[in-house]
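Written below as structure tokens is the structure these notes are about.
Just so you know, all these numbers are worked out from the coordinates, no wet-lab data involved. Everything quoted here is computed from the prediction, not taken from an experiment. All Cβ positions, even for glycine, are placed from backbone atoms using ideal geometry, and neighbour counts span all protein chains on display.
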Amino acid sequence: MKNIDFAGRVALVTGGGSGIGRATALGFAECGARVAILDHDAIMAEEAAQLIVDGGGEALVLKTDVSDEASVANAIATVVEKYGRLDAAHNNAGISPDTGSTVDCTRELWDRIFAVNTTGVWLCMKHEIQAMLNSGGGAIVNTGSVSSLRAAPYISAYVASKHALVGLTKVTALEHAEQGIRVNLVCPGVVRTPMLEKKADEGFFSIDEYVQGSVPMKRAGASNEIASAVVWACSEQASYLTGAILSVDGGMVIA
Ligand SMILES: NC(=O)c1ccc[n+]([C@@H]2O[C@H](COP(=O)([O-])OP(=O)(O)OC[C@H]3O[C@@H](n4cnc5c(N)ncnc54)[C@H](O)[C@@H]3O)[C@@H](O)[C@H]2O)c1
């Protein structure tokens, strides 16, 4: 990512304390951006920020719940207050708790999954776009999933919440195309992160068996393989990319 230049720019990453978000936060920093890490787990976010500082970068931790509009508004206002602008945002925080089948899923779990995965992305864009317009434009990447594009049994709330991001990303891209704001969706496949490893540890599935059966490249992705697509999509090198649904999944969705 060294050939991408974010010097003088400001990026924010939600869910930047762990997994894919942490890798993106480090990626933006490596390219010279000052990075705000918005996460409801402040300890993980501080850890990620320390890695950035250790690498000679600048990071700001903001304990944020993306499903809470006041929390999101306050975090984005703080970024602008501290750094004076917002150029790039990766709306990545997401959850995938076990729900069981469509019939068994509780209303409480359904609402929580949508509140974080879908409403959270909308709330972040709502406040980021205003900040970006004040900075002369910007780029947003939302984190979808292979589950934005196809079904899998027993995760209907997750699949529906991630499918919704396809429409939300496209509409937002259309609404702001003339204003210098690009909006894209990156859809990871199977990526070794704490989220995935926790599910495997709980006995839902074996990552290796799952990968062999469903990923044409026959391996799981690493967080930095998703992060490099996100950082690129937010950079000037992707200046004509908007409304795109970009699968980064070792070929999973085409199989
Ligand atoms: N790991 C995979 O295989 C995979 C595949 C497809 C899509 N994704 C998506 O990638 C994104 C990141 O997942 P990951 O695997 O890195 O998971 P992760 O659990 O390692 O990281 C998620 C981060 O989001 C934060 N978070 C959760 N709820 C939040 C909230 N309400 N407000 C603020 N922060 C919150 C967590 O504290 C954590 O730091 C998610 O949207 C997930 O759905 C992951």
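Sorted by mean Cβ packing within 10 Å, highest first, what order do the peptides 193-201, 240-248, 13-21 take? Could the numbers behind the result be given before it?
Working: 193-201: 14.9, 240-248: 17.1, 13-21: 28.8.
So the order, starting with the most tightly packed, is 13-21, 240-248, 193-201.
Over all pairs of different C-alpha atoms in the range 1-105, the reciprocal of the mean inverse distance, the Kirkwood hydrodynamic radius, equals 14.0 Å. Taking other C-beta atoms within 10 angstrom as a stand-in for reagent exposure, Cys234, Cys187 fall in the order Cys187, Cys234, fewest first. Scanning residues 5 or more positions from Val248 or on other chains, those with amide H under 5 Å from its amide H are Cys187, Gly189, with H placed 1.01 Å from N in the peptide plane. For Ala255, nonlocal amide neighbours, meaning residues 5 or more places apart or on other chains whose placed amide H falls under 5 Å from its own, do not occur.
Hey, any idea what the orientation-averaged projected area of the convex hull of the range 141-235's Cα atoms comes to, in nm²?
That works out to 6.8 nm², a quarter of the Cα hull's surface.
Taking all Cα pairs closer than 8 Å and separated by 6 or more residues, the relative contact order of the chain comes to 19 percent. Rounded to the nearest whole Hz, the Karplus-based 3J(HN,Hα) values (6.51 cos²θ - 1.76 cosθ + 1.60, θ = phi - 60°) of the range 42-47 follow the sequence 5, 5, 5, 5, 5, 4, with x at glycine and proline. Amide H to amide H, which residues 5 or more places from Ile95 or on other chains are under 5 Å from it, using H placed in the peptide plane? Here the answer is Asn117, since their amide H atoms fall under 5 Å of that of Ile95. Restricting the calculation to Cα atoms, every distinct pair contributes to the Kirkwood radius of the chain, found to be 18.0 Å.
For the range 1-96, GluC sites (Glu not before Pro) meeting the loop criterion (DSSP other than H, G, I, E, B) and having at most 16 other Cβ atoms within 10 Å: Glu58.
Just list whichever of Lys126/Lys199; Lys63/Lys126; Lys170/Lys218; Lys126/Lys162; Lys82/Lys198; Lys82/Lys170 have alpha carbons separated by over 24 Å in the model shown. Among Lys126/Lys199; Lys63/Lys126; Lys170/Lys218; Lys126/Lys162; Lys82/Lys198; Lys82/Lys170, the Cα-Cα distance tops 24 Å for Lys126/Lys199; Lys170/Lys218; Lys82/Lys198; Lys82/Lys170.
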